[in-house]
Amino acid sequence: MKNKGLFITFEGVDGCGKTTQMNLLAEYLKDKGYEVILTREPGAKGLGEKIREILLHYDGEVSSRAESFLFLADRAQHIDKIINPAVEFGEIVLCDRHTDSTIAYQGYGRGVDIKELKMLNDLATGTRKPDLTFVFDIDVETSMSRVGKEKDRMESSGMEFFNKVRNGYLEIAKQEPKRVKVIDSTLSIPEIAGNIKLIMEEYFEHN
Ligand code: TYD
């Protein structure tokens, strides 16, 4: 029997450890017999890669609103060409960053109007919403030390910015506790993976 598709997103400040956990969860789900695809924003295959290049490496001035629209253009393409077809086919899509990144980074971080960003996110994604979202929470000092000295355009935004982003994520989780699960990312890699598995098991039991 074909599985019901699922869309799970991974969120948190740069250097929070979400990508490692996404790969571990993919292995776990594949072992259980699910079809899994891994993808990311910005920069899924094709057009997304071009948009990612501008977002992370363009060295001229970028207005916060223009930055938002670039992330949103990437998202619309990603939903239409990759995420929706995979979920409809019954696959589990694990996505490194999605709509909550825009609310946390451009909204809480850069100060773009959050209500407007939510509307734009809805336009970019249509009716597709993540079924489950993990927010990897960690203090910004630790996360920035993981990023290291070579920083891209976004990572060069400073501690104050990243503290706002972190608090933004916690606020999102407070507003949508059913979808958004906060993961203590100061724990060890196996401990975090264990906590994620528990949440997944619970999700499968109830859905
Ligand atoms: P990336 O190298 O993918 O970072 P990470 O490995 O931490 O996910 O770079 C993506 C950057 O873009 C990251 O700094 C977060 C930022 N971003 C936004 O500001 N808004 C968004 O909507 C998205 C999707 C990402």
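Tabulated data for the structure shown
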read-out	value
Inter-probe distance in nm under a simple model that places probes 7 Å from Cα toward Cβ, at Ile54 and Asp122	2.6
P(r) weight above 17 Å for segment 55-135, C-alpha pairs, percent	48
Sites matching chymotrypsin sites (Phe, Trp or Tyr not before Pro) across segment 120-163 that sit in DSSP coil, with at most 15 neighbouring C-beta atoms within 10 Å	none
Cα pair distances of the chain binned at 10 Å [whole percent]	8, 36, 39, 16, 2, 0
Computed lengthening from Glu176 to Lys129, 0.36 nm per intervening residue step minus Cα-Cα distance	15.7 nm
Helix-only [θ]222 nm of the chain, DSSP H runs n ≥ 4, -39500 (n - 2.57) each, per residue, nearest 500	-15000 deg cm²/dmol
Sequence of Arg153, Arg75, Arg128, Arg97 once ranked by neighbouring C-beta atoms within 10 Å, starting from the fewest	Arg153, Arg128, Arg97, Arg75
Under-17-angstrom lysine pairs by C-alpha in segment 1-142, whenever the two are 8 or more apart or on separate chains	10
Total charge dipole magnitude, the chain, about the Cα centre, Cβ charges on Lys, Arg, Asp, Glu only, Debye to nearest 20	360
Cα Rg, Dmax (largest Cα-Cα span) when computed across segment 7-122, Å	14.7, 47
Lys/Arg +1, Asp/Glu -1 at C-beta; segment 6-206 dipole; positive extreme among Leu24, Val62, Leu6	Val62
Exposure proxy order (Cβ contacts within 10 Å, fewest to most) of Thr127, Thr133, Thr186	Thr127, Thr186, Thr133
Antiparallel bridges, percent of DSSP beta bridges restricted to the chain (to nearest 5)	0
Label-point gap, in nm, between Glu88 and Ser145 - each point 7 angstrom along Cα→Cβ	4.8
Computed P(r) (all Cα pairs; segment 104-207; 5 Å bins; percent)	2, 10, 17, 20, 20, 16, 11, 4, 0
Cβ-based charge dipole, segment 6-206, positive-most Cα from Ile138, Ser157, Ala124	Ala124
The chain, relative contact order [Cα under 8 Å, separation at least 6], %	32
Set of segment 1-25 residues, backbone N closer than 13 Å to the point 7 Å along the Cα-Cβ line of Asn207	4-10
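Read-outs: derived from the displayed coordinates by stated rules, not from any lab. Quick caveat, the model's predicted, so the values are computed rather than measured. Virtual Cβ from ideal backbone geometry, glycine too; neighbours counted across all protein chains shown.
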